[in-house]
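No value in this document is a laboratory result; all are computed from the given coordinates. Treat the numbers as computed from the prediction; the structure is a model and nothing was measured. Backbone-built Cβ (ideal geometry, glycine too); neighbour counts: all protein chains shown.
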């Protein structure tokens with residue numbers, strides 16, 4: 001039996017561009033084989049049960065002694081991830097997953113998971129900020145002037161006007177919002193995303209053309225303009241797009257005096273609603289970082305390795321390599337996992353195998369068997385324990401001396 005615990009170190013919310021940090025605890029009550037374990041950031045489009053936004057591996061395929069194994073990981077929330085929009089059911093969850101062999105049906109893996117809701121927040125400084133511009137034009141005898149085209153929630157829009165041909169002028173504040181869910185395989189937008197008409201968020205009318213302006217307030221709860229669109233980085237999922245947008249505009253409706261005709265004037269002016277300062281310093285995001293929690297320690301830990309672990313020998317026999325490693329630290333190590341893979345021609349790694357030890361006593365030697373039918377020139381060992389030490393070493397198999 002396996003018990004999982006998932007702790008969100010960001011306490012349920014994260015800004016785009018930051019790292020989502022978690023603590024995962026595995027309690028194996030008996031010796032256990034696993035196929036894979038990791039964390040996944042999940043959302044639920046209308047047409048799919050689950051959509052994986054990103055993932056991070058914790059354990060690869062391997063065998064574990066009974067005991068407790070604690071690991072910390074992080075996921076970078078890349079700049080193209082769509083923030084949480086609760087009123088459109090665009091939400092996220094973090095899922096800790098463990099896949100095991102099924103003793104009854106080998107073709108159907110056993111899957112254990114823990115799920116935790118996460119709110120992803122937009123960072124205003126990461127948006128492309130537009131410079132406010134005045135709007136002025138004339139059409140069919142109507143002259144309209146706005147001193148700017150960018151407004152904040154709660155702000156009042158001043159619409160200046162003049163006309164000798166109209167008897168009534170109406171201005172509506174329109175919000176056009178919806179999800180975007182597109183799959184190239186179907187060649188169409190998701191059928192479950194309903195086409196929605198623009199919502200009227202405010203309205204003002206006048207028949208007084210001696211007064212030369214109208215005032216229209218933006219609601220305090222107005223959702224800022226946005227156009228978010230996410231697409232996966234995996235090649236086999238190209239063509240999939242998921243996102244959301246909110247567009248704002250002013251609909252101008254003018255009714256003419258009878259002598260000037262019965263056809264009304266009707267047109268829209270696009271505007272922007274912003275949730276933050278109009279001028280901000282733009283934050284640069286790393287689009288290419290993988291966001292692993294211990295990436296830096298791979299190299300920082302090499303100097304510690306000789307004080308903690310020592311590779312005694314690597315013996316080869318046909319397609320089997322026997323790696324002997326000794327704990328030369330001054331203490332017992334708990335929840336140790338050792339992932340071993342082979343290196344081909346200095347470029348390619350072979351499939352890894354993971355071995356978990358509940359307690360690795362000081363001065364104790366451990367033996368790991370790594371099997372592969374591919375010719376390798378070195379073995380790569382990545383060692384982790386419950387204190388979050390993470391150390392990577394590369395040991396040549398063709399030489400007699402090792403670390």
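Some points to look at:
- Spacing of the two label points (7 Å from each Cα toward its C-beta) at residue 33 and residue 156, in nm: 7.5 nm
- Relative contact order (%) - the chain, alpha-carbon pairs under 8 angstrom, separation at least six: 15 percent
- Gaussian network model of the chain, Cα within-10 Å springs - most flexible of 161, 182, 260: 260
- By the helix-only formula, in which each DSSP H run with n ≥ 4 contributes -39500 (n - 2.57) and the sum is divided by residues, the chain has a 222 nm mean residue ellipticity of -500 deg cm²/dmol.
- Selected from 345, 268, 29 as most flexible by GNM, with the chain as the system and alpha-carbon contacts under 10 Å: 345
- Share of pairwise Cα separations in the chain, more than 33 Å, in percent: 52 percent
- Cα gyration tensor shape of the stretch 102-173, rounded if a/c is under 1.5, else prolate or oblate by comparing a/b with b/c: prolate
- Label separation (residue 334 vs residue 387): 1.2 nm, computed from points 7 Å beyond Cα along the C-beta direction.
- FRET efficiency estimate (nearest 0.05) - Cβ-Cβ, residue 263 to residue 143, R0 22 angstrom: 0.75
- Remark: the Cα gyration tensor places the stretch 297-396 in the prolate category, a/c being 1.5 or greater and a/b exceeding b/c.
- Relative contact order of the stretch 130-273, defined on C-alpha pairs under 8 angstrom at six or more residues apart (%): 28 percent
- Taking 7 Å steps out from each Cα toward its Cβ at residue 3 and residue 117 produces label points 2.6 nm apart.
- Taking the DSSP beta bridges with both ends in the stretch 130-273, the antiparallel portion is around 95 percent.
- Across the alpha-carbon atoms of the stretch 37-160, the computed radius of gyration and Dmax are 24.7, 84 angstrom.
- The DSSP beta bridges internal to the stretch 297-396 are antiparallel in roughly 100% of cases.
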